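Undergrad: My questions all concern the structure below.
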Amino acid sequence: MHGEESEYNYLYSLCEVDLLARHRHDMSGKAKVRVSMLLQIGFIQKCSRILAILVCAAYLSGCSFFGGSSQNFAVSSDPMGATVRINGQQVGVTPLQYQVSRRGDLLIEVEKTGYRSQFRQTSRKLSSLGIADVIGGAFLLLPLIGLVAPGAWEQDPAAMGFSLEPAAASSTSTPAP
């Protein structure tokens, strides 16, 4: 009996479930029950590992879906008090903090009476959540789905500063004869 237990412990320590199954016919009834229990435990452990991997994949898949669809955008100007339009819509005066959509590029216009208007355009880049989706996609393809979500992207740059130049004085002088 003691010899069977040591053989059982040795086989268990090797984690060779297949080997246990092959040697089951050489064992006594008590050892066979233990081997059967070990086979069941091994199966449960394998299933729990697979389940843990699937849960992690589901958790990490598309992290960007949990990100917001808008972000904070800052506009400043020198001199302050200039009117700000984003994609043609007046949104305030500088200095300005404004929530903008992460979808699509933005056209920023800053204007002030007596100064030349200035235009700039943003572009989009991958956000930190988008980068996590790409890294997750390198191991499991499922996270790449998150790249369609607005949280995968962010406006670049997230802040703009404008230095407005005075408008050219219109010369109304008469030409020399």
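Undergrad: Highest first, please rank the peptides 66-76, 124-134, 98-108 by the mean number of other Cβ atoms sitting within 10 Å of their residues. Don't skip to the answer; put the middle values down first.
TA: On the way: 66-76: 16.6, 124-134: 18.5, 98-108: 15.1.
The most tightly packed comes first, giving 124-134, 66-76, 98-108.
Undergrad: Would you please put 82-95, 150-163 in order of how densely packed they are, using the mean number of other Cβ atoms within 10 angstrom per residue and starting with the highest? Working shown, then result.
TA: On the way: 82-95: 15.6, 150-163: 18.4.
Per-residue mean Cβ counts within 10 Å order the peptides as 150-163, 82-95.
Undergrad: Turning to a different aspect of this structure: Using amide H atoms built in the peptide plane, which far-off residues or other-chain residues are under 5 Å from ALA82 H to H?
TA: Result for ALA82 returns THR94.
Undergrad: Quick one: order LEU147, LEU96 from most to least accessible surface, probe 1.4 Å. Intermediate values should be presented prior to the final figure.
TA: Working: LEU147 50, LEU96 20 Å².
If we order LEU147, LEU96 from most to least accessible, we get LEU147, LEU96.
Undergrad: List, in order, the whole-Hz ³J(HN,Hα) value for each residue of region 117-134 obtained from phi through the Karplus relation with A = 6.51, B = -1.76, C = 1.60 and θ = phi - 60°; use x for Gly and Pro.
TA: 5, 10, 10, 9, 10, 8, 10, 10, 9, 5, 7, 4, 5, x, 5, 4, 5, 5
The values are calculated or read from the model by the stated rules, or taken from the named source; none is laboratory data. Since the structure is predicted, the reported quantities are computational estimates derived from the model, not experimental observations. So basically every Cβ, Gly included, is an ideal-geometry build from the backbone, and we count neighbours across all protein chains shown. The area values use the complete protein model at the heavy-atom level, side chains included, leaving out ligands, DNA and RNA. Shrake-Rupley method; radii C 1.70, N 1.55, O 1.52, S 1.80 Å.
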